[in-house]
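Here is the structure we will look at.
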Protein chains: 2
Amino acid sequence: MAQSDTVDRILDAAEELFAERGFSETSLRMITSKAKVNLAAVNYHFGSKNALIHAVFARFLTPFSATLEKAFDELEESCGDQPPTLNQTLWALTESAVRMPQRNEKGISIFMRLLGLAYTQSQGHLRKFLEQEYGDPFSRFMRLLKAATPQLSAVDRYWRIQFMLGATAFTMSSSDALRDILQNKTGVETSVQEIAMRLVPFLAAGMQAGDTMLVPPKGSKVSVA
Amino acid sequence: MAQSDTVDRILDAAEELFAERGFSETSLRMITSKAKVNLAAVNYHFGSKNALIHAVFARFLTPFSATLEKAFDELEESCGDQPPTLNQTLWALTESAVRMPQRNEKGISIFMRLLGLAYTQSQGHLRKFLEQEYGDPFSRFMRLLKAATPQLSAVDRYWRIQFMLGATAFTMSSSDALRDILQNKTGVETSVQEIAMRLVPFLAAGMQAGDTMLVPPKGSKVSVA
DNA sequence: GTCTGTTTTAAACATACGTTTGAAGCCAAT
DNA sequence: ATTGGCTTCAAACGTATGTTTAAAACAGAC
């Protein structure tokens, strides 16, 4: 097929370049020349650069959110009437991400980086698009987190969820670069799965931290407001 | 003084706009019109847009790294021959950041967001500049972390430090927006200090998480590579 | 008051961008 | 063979960007 070949080549090239360089820093000319298609093809097939960005996300997120919903369904069913634990919830998310069919070996890490960029680069249109299209599974995840951490006050939970999001988005958004640094330093190769397996315990521990440590050490100048 | 007035107004406007919109998405015309100076003033005083970006970072980082070095000096001295604990190290950093003289109330959160962007947006020149100019205090912080977490393998420590950086940069960088959301939801006011007081225990707990949780729950399809 | 070096200004420059155009190419159905 | 609807293509469009220029404005020293 001629059409979908061009469309897919554009999506592949765009996905990779966006992940490498960010959205604003990637021009349509870079994308089309990497995809070996004519410059006008993007506007012909997608309508605009922003619509292409949306399409890149939709190609991954639509099947992913379906997978995730199913994983949450199974998890809640297997738990009977008691809510899933924090660990179970985090792992359900992680596994859904890792098990997504990948276009190539970098598939998931490229996409993680894109998600990080989506959160980080304040592209208003992207944020709106993601909220509108994929807000439901996100809300569900939040509800599960709430049920899994009943010991936390609403305010504590709120902030700790932000911390989790931050650690995840940030790490994933620079994971290629970080992996390269680590490999240069130690010669150790790191897969996205391994990063996830290190991240989840970190998040779970932070989420469940006691608040005894809330008090700064003796002599600290940070005062409780 | 005419010069430094113009220079400072440019730096103020640039700092704020960069933090709001990122580097590539902020044009010199936006900056100069916000600063109410002539367009050419940037190239006259700084030489180029990239040099302006460097100057924005230097204005904050140079005094901050001095403060931080002093805090580390005091901390190590007060600890005698045994290394500072993780908690002490994190609090030394936090206090140095919070106590920096701020140009306005948003000062610290604006700058946190800039640091996050510096890490995220792959602006090669910025990364090189930061490493070159401020690599030393950063390395020292890393050494302290290493001494404070002898139980961690080098690889574990490496990734958990990335997670800490992520949670911090991400949260602080969007703390204004987050604070507003929280206030609208719960009517609770939150200061940067309070966020830090919630963040540090989260980080310390994550950093010191046992690795028993490294194993996914029963039935998980994520395999140890 | 005049001169000197610095700073500000308006205008222009070259380049890169996203997008549009209209013709050409293609392929299946008639 | 010809039609008709997609798709591709080279070229151009208008706009925005970072940077440069050369003249004007300014300030302090003599």
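Some points to look at:
- When peptides A:26-39, B:158-171 are ranked by their average number of other Cβ atoms within 10 Å per residue, the highest-first order is B:158-171, A:26-39.
- Electrostatic bookkeeping for residue B:11 treats Lys and Arg as +1 and Asp and Glu as -1; over the other residues with beta carbon under 12 Å from its beta carbon, the sum is -1.
- Segment B:11-26 versus segment B:61-98: alpha-carbon centroid distance in Å: 30 Å
- Inter-chain neighbour count for A:151-160: the average number of beta-carbon atoms from partner chains within 10 Å of each residue's beta-carbon is 4.
- Cβ-defined net charge surrounding residue A:42, 14 Å radius [Lys, Arg +1; Asp, Glu -1]: +2
- When residue A:151 is represented by a point 7 angstrom out along its Cα-to-C-beta vector, the spacings to that point in the other copies are 1.7 nm, nearest first.
- Distances in nm from residue A:79 to the matching label points in the other copies, shortest first (labels 7 Å along Cα to Cβ): 3.9
- Relative contact order, whole percent, for segment B:9-142 stands at 27, derived from Cα pairs under 8 Å and 6 or more residues apart.
- Between residue B:143 and residue B:77, the contour length at 0.36 nm per residue exceeds the Cα-Cα span by 22.2 nm.
- Across the copies of the chain, residue A:36 has label points (7 Å from Cα along Cα→Cβ) spaced 5.7 nm apart, shortest distance listed first.
Read the figures in this text as sums done on the coordinates, not as results from a lab. Owing to the predicted nature of the structure, the values given are computational and were not obtained by experimental measurement. For neighbour counting, all protein chains shown are included, and Cβ atoms are generated from backbone atoms with ideal geometry for every residue, glycine included.
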